[in-house]
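**Student:** I'd like to ask you about the structure that follows.
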Amino acid sequence: MDYSKAVPETIRKLIRNREFMMPTSGVASGYAQANLVILPKEYAYDFLLFAYRNPKPCPLLYVSDPGEKYLEKIAKGSNIYTDIGNYNIYNDGVLVSNVDNVDKYHRDDLVSFIIGCSFTFESELVNEGIKIPHMEKQANVAMYDTNIKLEDSGVFSGNTVVSMRPIKSKDVTKAVMITSRFSQVHGAPVHIGNPGEIGIEDITKPDYGDFVGIEEDEVPVFWACGVTPQNALRQSKIPFAITHGPGYMFVTDIKNSDLITY
């Protein structure tokens, strides 16, 4: 099956049935993918303000009502507790479990934050002839902790996480122009070139995901990443939270074309 041509509802069903358990880069081309943070209602306002103050790494696509499981407004027939292939469970800011279904954790006070993901604009880059190495090698994108400080809000603070894609030198300007049109899914890069300038000591050792190499004619290009809230969760030490596993996204029914800004 060509997952890139599948509609989002099909991808979600395959994931729900545990028939597709890989990172979602490249699937359902033309539709927005999203990061996930689920928090108790008592922390939801702090996180909402945190996202507002840090729109580059935390661009909100949707915020659920407390206890809302089925996000019909952005994903028909979906269940946010089953339709991602990999979830992280945090207790007191510590990652305690990594599972493929969190339905048993559902509570009426939990609020889901759906945050734009850079996988969304990858199909736009590919359509313009820009090669994305981790897609070609069926690997996860490389992600790194950085020294780029976030704006604090209540219990939430920390540094930005970035995703890195090696881009041909001749294509960097084009990649910046294309992705800058997608501010709701991280937008333009936050850094280009020397990783040491943003606190990355060894680019061959991502904090999350896979390193796929950088060729002589390629430049590392870094985009703000929706794994950033997981750094903030570790800092906050709140009693309970659920997130997606890095690289395993919620595939929405939102079309890329509806997210373009000019």
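**Student:** Look at ILE84 and say whether it is touching a residue at least 12 places away in the same chain (Cβ under 8 Å), part of a loop (DSSP other than H, G, I, E, B) and of a type in the set (A, V, I, L, M, F, W, C). Please lay out each step first, then the result.
**Tutor:** Numbers: touching a residue at least 12 places away in the same chain (Cβ under 8 Å): yes; part of a loop (DSSP other than H, G, I, E, B): yes; of a type in the set (A, V, I, L, M, F, W, C): yes.
When the stated conditions are applied, ILE84 passes them.
**Student:** If you go through the range 153-203 one residue at a time, how many are touching a Phe, Trp or Tyr at 6+ places or on another chain (Cβ under 8 Å) and exposed (fewer than 15 other Cβ atoms within 10 Å of the Cβ)?
**Tutor:** Qualifying residue count for the region: 1.
**Student:** Among residues belonging to the range 134-150 that are part of a loop (DSSP other than H, G, I, E, B) and out of contact with any Cys (no Cβ under 9 Å at 6 or more places or on another chain), point out the one that is surrounded by the most Cβ atoms within 10 Å (Cβ to Cβ). Break it down into steps so the answer makes sense when it comes.
**Tutor:** Let us first name the residues in the range 134-150 that are part of a loop (DSSP other than H, G, I, E, B), namely 137-141, 150.
Narrowing the set further to residues that are out of contact with any Cys (no Cβ under 9 Å at 6 or more places or on another chain) leaves 137-140.
Numbers: LYS137: 11, GLN138: 12, ALA139: 17, ASN140: 22.
Across the range 134-150, the extreme among qualifying residues is ASN140.
**Student:** Within the range 116-133, is even one residue surrounded by 19 or more Cβ atoms within 10 Å (Cβ to Cβ) and in contact with a Cys (Cβ under 6 Å, 6 or more places away or on another chain)?
**Tutor:** There is no residue in the range 116-133 that is surrounded by 19 or more Cβ atoms within 10 Å (Cβ to Cβ) and in contact with a Cys (Cβ under 6 Å, 6 or more places away or on another chain).
**Student:** Determine, yes or no, whether ALA28 is in contact with a Ser or Thr (Cβ under 8 Å, 6 or more places away or on another chain), in a loop (DSSP other than H, G, I, E, B) and either crowded, with 19+ Cβ neighbours inside 10 Å or not small (Gly, Ala, Ser) (or both). Explain how you work it out, then say what you get.
**Tutor:** Working: in contact with a Ser or Thr (Cβ under 8 Å, 6 or more places away or on another chain): yes; in a loop (DSSP other than H, G, I, E, B): yes; either crowded, with 19+ Cβ neighbours inside 10 Å or not small (Gly, Ala, Ser) (or both): yes.
In short, yes.
**Student:** Further, regarding this structure: Could you tell me whether the range 49-63 includes any residue that is touching a residue at least 24 places away in the same chain (Cβ under 8 Å), among the charged types (D, E, K, R), surrounded by 16 or more Cβ atoms within 10 Å (Cβ to Cβ) and assigned to a helix (DSSP H, G or I)?
**Tutor:** Looking for residues that are touching a residue at least 24 places away in the same chain (Cβ under 8 Å), among the charged types (D, E, K, R), surrounded by 16 or more Cβ atoms within 10 Å (Cβ to Cβ) and assigned to a helix (DSSP H, G or I), one finds none in the range 49-63, hence no.
**Student:** Here's something else I'd like to know. Surrounded by fewer than 17 Cβ atoms within 10 Å (Cβ to Cβ) and either free of Cβ contacts under 8 Å to residues at least 12 places away in the same chain or outside the structural domain of ALA241 (by TED's automatic domain parsing) (or both): is that true of GLU42 in this structure?
**Tutor:** So GLU42 fails the test.
Yes/no per residue for (1) in a helix (DSSP H, G or I); (2) crowded, with 24+ Cβ neighbours inside 10 Å:
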site: VAL221; (1), (2): no, no
site: GLY226; (1), (2): no, yes
site: ASN231; (1), (2): yes, no
site: ILE238; (1), (2): no, no
site: ASP253; (1), (2): no, no
site: ILE260; (1), (2): no, no
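**Student:** Something else about it: For the range 190-212, enumerate the residues that are in a loop (DSSP other than H, G, I, E, B), touching a strand residue (DSSP E or B) at 6+ places or on another chain (Cβ under 7 Å) and not hydrophobic (A, V, I, L, M, F, W, C).
**Tutor:** Answer for the range 190-212, where residues must be in a loop (DSSP other than H, G, I, E, B), touching a strand residue (DSSP E or B) at 6+ places or on another chain (Cβ under 7 Å) and not hydrophobic (A, V, I, L, M, F, W, C): GLY193, GLY199, PRO206, ASP207, GLY209, ASP210.
**Student:** Another one. Just one of (1) assigned by TED's automatic domain parsing to the domain that holds HIS191; (2) out of contact with any Pro (no Cβ under 9 Å at 6 or more places or on another chain); (3) of a type in the set (Val, Ile, Thr) trips up VAL219, so point out which.
**Tutor:** For VAL219, the exception is condition (2).
**Student:** Where the second residue is buried (at least 17 other Cβ atoms within 10 Å of the Cβ) and hydrophobic (A, V, I, L, M, F, W, C) and the first is touching a residue at least 40 places away in the same chain (Cβ under 8 Å) and at positive phi and lies in the range 138-164, which pairs have Cβ atoms under 7 Å and are six or more apart or on separate chains?
**Tutor:** GLY158/LEU150; GLY158/ALA232
The values are calculated or read from the model by the stated rules, or taken from the named source; none is laboratory data. All of these numbers come straight from a predicted model, not from anything done at the bench. Methodologically, a virtual Cβ is constructed for each residue, glycine included, from the backbone with ideal geometry; neighbour enumeration extends over all protein chains shown.
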